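Structure first, then comments.
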Amino acid sequence: MEFVILAVVIALVAVGAISGLVVSSRKKKQLPPSAPSSTPTITAPPAEPHVGEEAAETAEEQRRTIEEVALPEAPASPVVVEEALPEAPAAPEVEVPEPTAGRLVRLRARLARSQNSLGKGLLTLLSRDNLDEDTWEEIEDTLLTADVGVAPTQELVERLRERVRVLGTRTPDELRALLREELIALLGPDFDRAVKTEGGLESPGVVMVVGVNGTGKTTTTGKLARVLVADGKSVVLGAADTFRAAAADQLQTWGERVGARTVRGPEGGDPASIAFDAVKEGIAESADVVLIDTAGRLHTKTGLMDELGKVKRVVEKHGPLDEILLVLDATTGQNGLVQARVFAEVVDITGIVLTKLDGTAKGGIVIAVQRELGVPVKLIGLGEGADDLAPFEPGAFVDALIGD
């Protein structure tokens, strides 16, 4: 019995030992191998410098003289590094305006298209077999509708009645010649329509351009500069319209196109001072003409009109003004006459520029405004083109009205 117990104990011990070996072998397989231990690097502290007797002797360094040192050879050709300079802005191309001689004749077709109603209407009425009172009233209405004005209309009708009665016959050619003569007489062929640009011996001619807002005053000033340059004159522009935004820029653009310099000041600045400086620059540069563009003014505003008078007085410190041109919108009709009266009271108007005669304008305003102010229409605007400002020629104007 004892042997049996002993055998069982030995068997249990053997089984336990075998199980322990199996478990320990599995654990060894699951654990990663440990990294080999490395010996840490220990950096020794820097040695302290020694002084006095403990200091080590300085080792002698080999030195070379300047003769022994080889210098670098100079390059065969010097390398020049050119810096790129910023490109200068291109100068605006200077245009050559077309000559002014005969310009109105060239623009005759454009004028005729918008003014046919007046001339053709009068010729149709005068060609009737029986010129009774009703017909003459229709002729008066046609003239009044064309803004000729009451007094000039009555004068023209009376002269036509007398000429037709004396003439007896009324062929189309005779009527056209008759109407042409009377209209030219009414336009005042004896007026001096040349724009005065001749100054003194040492001073340029000075031209001031005035008018209400929206008549095309600044554009007219620029176009007038082209007219003068086309006639061989040197021009300086004065941008005295400091109240309207970009007015000075607009005028300067016109000037650059024909090589005319523009004198300008800050926006909202004193227009009289700028006008004075423009004339001063014109004298210094020996220019032929100085054109001064003034601010557009409402003829009903007393303060603005007084300012215009101040500009005139300041400019005249250099000398008298040679020309004061009033720019009128031909489409405003009789209202333009009211504007003209007020401007004539403030400054001495010497000439009139009628713009927008190419649209729905009525040609009779030329007659009415001349009668109202006693000054001639000197220039007319017949379109938006740069060269559509033409010297006024009564004969060519009437021919455009009544046709061939």
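Going by the conditions given, is residue 192 among the acidic types (Asp, Glu), part of a helix (DSSP H, G or I), out of contact with any Pro (no Cβ under 6 Å at 6 or more places or on another chain) and loosely packed, with under 13 Cβ neighbours inside 10 Å?
No, not satisfied.
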Since residue 148 meets every condition but one in (1) open to solvent by less than 70 Å² (accessible area, probe 1.4 Å); (2) under 17 Å from residue 372 (Cα atoms); (3) at pLDDT 90 or above, which condition does it not meet?
(3)
Restricting attention to segment 210-229, does a residue exist that is surrounded by fewer than 22 Cβ atoms within 10 Å (Cβ to Cβ), polar (S, T, N, Q) and more than 20 Å from the chain's Cα centre (by Cα)?
no
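Kindly establish whether residue 230 is of a type outside the set (Val, Ile, Thr), more than 23 Å from residue 320 (Cα to Cα), at pLDDT 85 or above and out of contact with any helix residue (DSSP H, G or I) (no Cβ under 7 Å at 6 or more places or on another chain).
When the stated conditions are applied, residue 230 passes them.
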Answer yes or no: is there a residue in segment 175-182 that is open to solvent by less than 70 Å² (accessible area, probe 1.4 Å) and either at pLDDT 90 or above or under 20 Å from residue 375 (Cα atoms) (or both).
yes
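The values are calculated or read from the model by the stated rules, or taken from the named source; none is laboratory data. Keep in mind the model is a prediction, meaning the values are calculated, not measured. Glycine also receives a Cβ, built like all others from the backbone with ideal geometry; neighbour counts cover every protein chain displayed. Heavy atoms of the whole protein, side chains included, go into the accessibility calculation; ligands, DNA and RNA do not. Shrake-Rupley method; radii C 1.70, N 1.55, O 1.52, S 1.80 Å.
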